Amino acid sequence: GLDYPGIGPEHAWLHEIGRAKYVSITDKEALEAFQLSCSLEGIIPALEPSHALAHVTKIAGDLPSDHLLVMNMCGRGDKDIFSVAKHLGFDMSGPEGRVFE
């Protein structure tokens, strides 16, 4: 997941043998992908797959039209909704200024 920005032995091995490629996505790109999923599909993704979706949107246009692309949309985005709202500039505090979490 994205909670720990380190690398484990399995990921290092997959990278070494060419089975995995790791890329960076900015928070802004992940939030844009989050909003895209919400608006187009009605799916509130977790922030982890939002990063993956951001990369998919970057590369999809460069792939052949008959190319099959699979992305795992895991997690529950409702747990991230207050963090996302804050980063997008929305105030979700209640009547006494408390955030409902």
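General remarks:
- Considering the conditions (1) in contact with an Asp or Glu (Cβ under 8 Å, 6 or more places away or on another chain); (2) β-branched (Val, Ile, Thr); (3) free of Cβ contacts under 8 Å to residues at least 24 places away in the same chain, residue 44 is excluded by exactly one of them, (3).
- Highlighted here are the helices (runs of 4 or more DSSP H) found entirely within segment 1-85 that include at least 2 residues which are surrounded by fewer than 10 Cβ atoms within 10 Å (Cβ to Cβ): 9-16, 27-41.
- Some residue of segment 29-37 being over 16 Å from residue 85 (Cα atoms) and without any contact (Cβ under 8 Å) to a residue 24 or more places away in the chain: no
- Only one entry in 46, 54 is touching a Gly at 6+ places or on another chain (Cβ under 9 Å) and at pLDDT 90 or above, namely 46.
The values are calculated or read from the model by the stated rules, or taken from the named source; none is laboratory data. Please read these numbers as outputs of a predicted model, since none were measured by experiment. Glycine gets a Cβ as well: all are built from the backbone with ideal geometry, and neighbour counts include every protein chain shown.
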